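Quick one: the structure is below, and I'll ask about it shortly.
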Amino acid sequence: MEVRDLLNKYQFPGDKTPVIRGSAKKAMANDPEGQKSIQQLLDAVDEFIPLPPREVDKPFLMCIEDVFNIEGRGTVVTGRVERGVLKRMDDVEIVASKTPARRWQRTSRCSVSCSIPPMPGTTSACCFVHQERGS
């Protein structure tokens, strides 16, 4: 079965989807032909897959997916930025939805050591969190 037929079978736009032939193994071996095919693939992805919009004019919202406590240093959080922009050392509010976050109340004021630029789409981020004294 052809790749385009398979895409159409599962209700994807198989007739419009670019198909790039190439070899990642050749590209890793510095073969010019392999590198050219990888570049063609990246160009096709950039052209074919639209970037989802991110509302940069709304308040910052990051869904925290994981929390790491680094002994002697502090806390690092990772997650998806859904909307907004964050600058280094901005104050943020951490809100726990079900159970309180470790060492934080349900709502805590903190500052972060990362910067989230106004990029399109959802962005993955990793931030170092500084908890303010007394919160």
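The values are calculated or read from the model by the stated rules, or taken from the named source; none is laboratory data. Keep in mind it's a predicted model, so treat the numbers as computed, not measured. Positions of Cβ are generated from backbone atoms using ideal geometry, with glycine treated the same way; all protein chains shown enter the neighbour counts. For the accessible areas, the whole protein counts, side chains as well, though only heavy atoms, and no ligand, DNA or RNA atoms are used. Shrake-Rupley method; radii C 1.70, N 1.55, O 1.52, S 1.80 Å.
Can you pull out the residues in the stretch 49-84 that are aliphatic (A, V, I, L, M), open to solvent by 90 Å² or more (accessible area, probe 1.4 Å) and touching a residue at least 12 places away in the same chain (Cβ under 8 Å)?
Answer for the stretch 49-84, where residues must be aliphatic (A, V, I, L, M), open to solvent by 90 Å² or more (accessible area, probe 1.4 Å) and touching a residue at least 12 places away in the same chain (Cβ under 8 Å): just Leu51.
Any residue at all in the stretch 32-49 that's farther than 29 Å from Glu2 by Cβ and not hydrophobic (A, V, I, L, M, F, W, C)? Spell out how you get there, then give the answer.
We begin by selecting, within the stretch 32-49, every residue farther than 29 Å from Glu2 by Cβ; these are none.
No, the stretch 32-49 contains no residue that is farther than 29 Å from Glu2 by Cβ and not hydrophobic (A, V, I, L, M, F, W, C).
Going through the stretch 17-48 one residue at a time, which ones are free of Cβ contacts under 8 Å to residues at least 12 places away in the same chain, open to solvent by 100 Å² or more (accessible area, probe 1.4 Å) and assigned to a loop (DSSP other than H, G, I, E, B)?
Asn30
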